[in-house]
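The values are calculated or read from the model by the stated rules, or taken from the named source; none is laboratory data. Computed from a predicted structure; not experimentally measured. Methodologically, a virtual Cβ is constructed for each residue, glycine included, from the backbone with ideal geometry; neighbour enumeration extends over all protein chains shown.
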Amino acid sequence: MKELSVIQKTYDCIKWYVPIIERLPKIHKFSLGDRIINQLYDLLEGLIKAKYAKDKLIQLEYKNQTGLSSLVGVSRKVAQLSILFG
């Protein structure tokens with residue numbers, strides 16, 4: 001079965017995020033960084049499960065409402081910290 005592009009893009013996002021998180025100060029790396037990486041892996045897992053599920057739309061809507069909104073909020077904090085700490 002062909003891989004969905006959103007799954008590949010989520011995986012690429014994880015690879016892109018890791019070096020950014022590594023540059024954060026230690027206190028933020030282990031609080032915000034772990035939260036982001038865990039949420040991204042949860043998103044990736046949810047997308048893979050939805051790929052094989054019969055009720056894809058329901059699962060994707062749930063992931064959109066729960067996972068993505070909190071991920072966006074935490075990502076904004078990391079962006080602010082990256083600007084502050086260069």
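Within the stretch 3-15, is even one residue at pLDDT below 90, of a type in the set (Phe, Trp, Tyr) and part of a helix (DSSP H, G or I)?
no
How do the pairs read when you match residues in the stretch 45-65 that are at pLDDT below 85 with residues anywhere that are in a helix (DSSP H, G or I), using Cβ under 6 Å and keeping only pairs 6 or more apart or on different chains?
Close Cβ pairs satisfying both conditions: 56/50; 59/50; 60/50; 63/46.
Could you tell me whether any residue of the stretch 61-76 is more than 14 Å from the chain's Cα centre (by Cα), among the hydrophobic types (A, V, I, L, M, F, W, C) and exposed (fewer than 13 other Cβ atoms within 10 Å of the Cβ)? Outline the logic, then answer.
Start the filter on the stretch 61-76 by keeping residues that are more than 14 Å from the chain's Cα centre (by Cα), which leaves 61-62.
Those left that are additionally among the hydrophobic types (A, V, I, L, M, F, W, C): none.
Among the residues of the stretch 61-76, not one is more than 14 Å from the chain's Cα centre (by Cα), among the hydrophobic types (A, V, I, L, M, F, W, C) and exposed (fewer than 13 other Cβ atoms within 10 Å of the Cβ), which makes the answer no.
Quick check, is residue 36 at pLDDT 85 or above, part of a helix (DSSP H, G or I) and touching a Phe, Trp or Tyr at 6+ places or on another chain (Cβ under 8 Å)?
On the way: at pLDDT 85 or above: yes; part of a helix (DSSP H, G or I): yes; touching a Phe, Trp or Tyr at 6+ places or on another chain (Cβ under 8 Å): yes.
Here the answer is yes, as residue 36 does meet what is asked.
Scan the stretch 2-20 and tell me whether some residue there is more than 15 Å from the chain's Cα centre (by Cα) and either among the β-branched types (Val, Ile, Thr) or over 20 Å from residue 63 (Cα atoms) (or both).
yes
Considering each of 51, 26, 9, 15 in turn, give the residue that is of a type in the set (D, E, K, R) and closer than 16 Å to residue 80 by Cα. Show your work before the answer.
Numbers: 51 fails: closer than 16 Å to residue 80 by Cα; 9 fails: closer than 16 Å to residue 80 by Cα; 15 fails: closer than 16 Å to residue 80 by Cα.
Unique residue meeting the criteria: 26.
Modelled with pLDDT under 85, in a helix (DSSP H, G or I) and among the aromatic types (Phe, Trp, Tyr), is that true of residue 41? It would help to see each step written out before you state the result.
On the way: modelled with pLDDT under 85: no; in a helix (DSSP H, G or I): yes; among the aromatic types (Phe, Trp, Tyr): yes.
Answer is no for this residue.
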